[in-house]
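The structure appears below as structure tokens.
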């Protein structure tokens, strides 16, 4: 079974963050409402940078992950944290997709992002076709991302603090959006956190 392919269907737009803690980190406790909104915008941009660099969702968005078929264990791995699985389809007879009944699959309570469904031995195995070869034999539609600060991993919160702090103190670089070599500038500590958590982005 080849590696799954994931595509984001909607943009992430809201990043749960503690604005007061960010302002304390920046020593900007007396920031005006406009300045506070600017800090929030920087936090959202930092969250988008984390997602682009690691492939891990932070802001809530809708995704679809394609698999060549059901795993022999019945387990399919999705991007975590998953908030809701909206639809599961498999490529069946007549060269058309069929919806899998919701009672035949469920999210694991112990392992974030793990969907338990039919096994490869079930009668619901996708029909062999080019769809299975390009990881479209089984399609899982779902919503993933953090809905509260508590769901944002500590390493991501630290990354956001480091990046926001750097951009806040170097506003001209934020306006330009890039360094001389065309890359967005982030502190070395933030890059180290990305390197620790980086996943292949397809």
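The values are calculated or read from the model by the stated rules, or taken from the named source; none is laboratory data. Remember, it's a predicted structure, so these values are computed and weren't measured experimentally. Every residue, glycine as well, gets a Cβ built from its backbone with ideal geometry; the counts of neighbours run over all protein chains shown.
Number of residues in the range 57-97 that are modelled with pLDDT under 90, surrounded by 15 or more Cβ atoms within 10 Å (Cβ to Cβ) and outside any loop (DSSP other than H, G, I, E, B) equals 4.
Taken residue by residue, the range 31-49 has no member that is outside the structural domain of residue 187 (by TED's automatic domain parsing), under 24 Å from residue 157 (Cα atoms) and either touching a residue at least 12 places away in the same chain (Cβ under 8 Å) or assigned to a helix (DSSP H, G or I) (or both). Entry remark, the range 14-40: residues being in contact with a helix residue (DSSP H, G or I) (Cβ under 8 Å, 6 or more places away or on another chain) and over 15 Å from residue 149 (Cα atoms) number 8 in total. Against the criterion of being in a loop (DSSP other than H, G, I, E, B), out of contact with any helix residue (DSSP H, G or I) (no Cβ under 9 Å at 6 or more places or on another chain) and touching a residue at least 24 places away in the same chain (Cβ under 8 Å), residue 52 does not qualify. Restricting the range 139-173 to residues that are surrounded by 20 or more Cβ atoms within 10 Å (Cβ to Cβ) and part of a loop (DSSP other than H, G, I, E, B) leaves a set whose member that is farthest from the chain's Cα centre (by Cα) is 152. State whether one or more residues within the range 99-112 are within 15 Å of the chain's Cα centre (by Cα) and either surrounded by 14 or more Cβ atoms within 10 Å (Cβ to Cβ) or at pLDDT 90 or above (or both). The answer is yes, given that some residue of the range 99-112 is within 15 Å of the chain's Cα centre (by Cα) and either surrounded by 14 or more Cβ atoms within 10 Å (Cβ to Cβ) or at pLDDT 90 or above (or both).
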